[in-house]
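Shown next, in structure tokens, is the structure this report addresses.
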Amino acid sequence: MNFTEATLARFANEVAKYPADQKQSAVMACLAIVQQEQGHVSTESEDAIAAVLGMPPIAVHEVTTFYNMYNQQPVGRFKLNVCTNLPCQLRDGEKALQHLCSRLGVEPYGTSADGRFTVQPSECLGACADAPVMLVNDRQMLSFMSPERLDELVETLKSQG
Ligand code: FES
């Protein structure tokens, strides 16, 4: 995998924020850049980032797999992460996940046939008091996701294309 000059320049901009001997500190930013440009972070991209930052590929992979926000495979236009950690589980988080999957005709981690929706379970999103919670496209947090609110969300997102 060879990154474009433009991508390498974006990496360099992030690396410049850290001391010269700590350029691996830019790994999360570089992963985010790759995902923004390619939609997901492939193993080949991880290896290439590792080479740029002078760190072991496994160390990059550990970061990619630790955070839900990094997609390890292509996802739909709307990525729906439903928290299934214990506090959300106690407030029907698993049911929320199953409701969403059934509504969209996908399995957990699957993408709808039209390519619009990817549904996946998620680790704690840090809003346990609002359980069950979910995250849309890694940015929009939604609270108290009852089946009715999930249905409303699906209709709203479908109307957006
Ligand atoms: S357990 Fe769901 S937000 Fe913390």
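Residue pairs whose Cβ atoms lie under 6 Å apart, sitting 6 or more positions apart in sequence or on different chains, and linking a residue in the stretch 141-161 that is in contact (Cβ under 8 Å) with a residue 60 or more places away in the chain to a partner that is surrounded by 14 or more Cβ atoms within 10 Å (Cβ to Cβ) and assigned to a strand (DSSP E or B), are 145/134; 157/78.
Within the option set 138, 114, being modelled with pLDDT under 95, out of contact with any helix residue (DSSP H, G or I) (no Cβ under 7 Å at 6 or more places or on another chain) and more than 15 Å from the ligand (Cβ to nearest atom) holds for one residue only, 114. Is it the case that residue 101 is over 30 Å from residue 18 (Cα atoms), modelled with pLDDT of 95 or more and within 16 Å of the ligand (Cβ to nearest atom)? So residue 101 fails the test.
Checked against the criteria, residue 73 does not count as farther than 30 Å from residue 146 by Cβ, at pLDDT below 95, among the polar types (S, T, N, Q) and surrounded by fewer than 20 Cβ atoms within 10 Å (Cβ to Cβ). Selection of the stretch 103-126 for residues being in contact (Cβ under 8 Å) with a residue 40 or more places away in the chain and either part of a loop (DSSP other than H, G, I, E, B) or over 14 Å from residue 81 (Cβ atoms) (or both) yields 103, 116, 123, 124, 125.
The values are calculated or read from the model by the stated rules, or taken from the named source; none is laboratory data. None of these values were measured; they are calculated from a predicted model. Note that each Cβ is placed from the backbone with ideal geometry, even for glycine, and that neighbours are counted across all protein chains shown.
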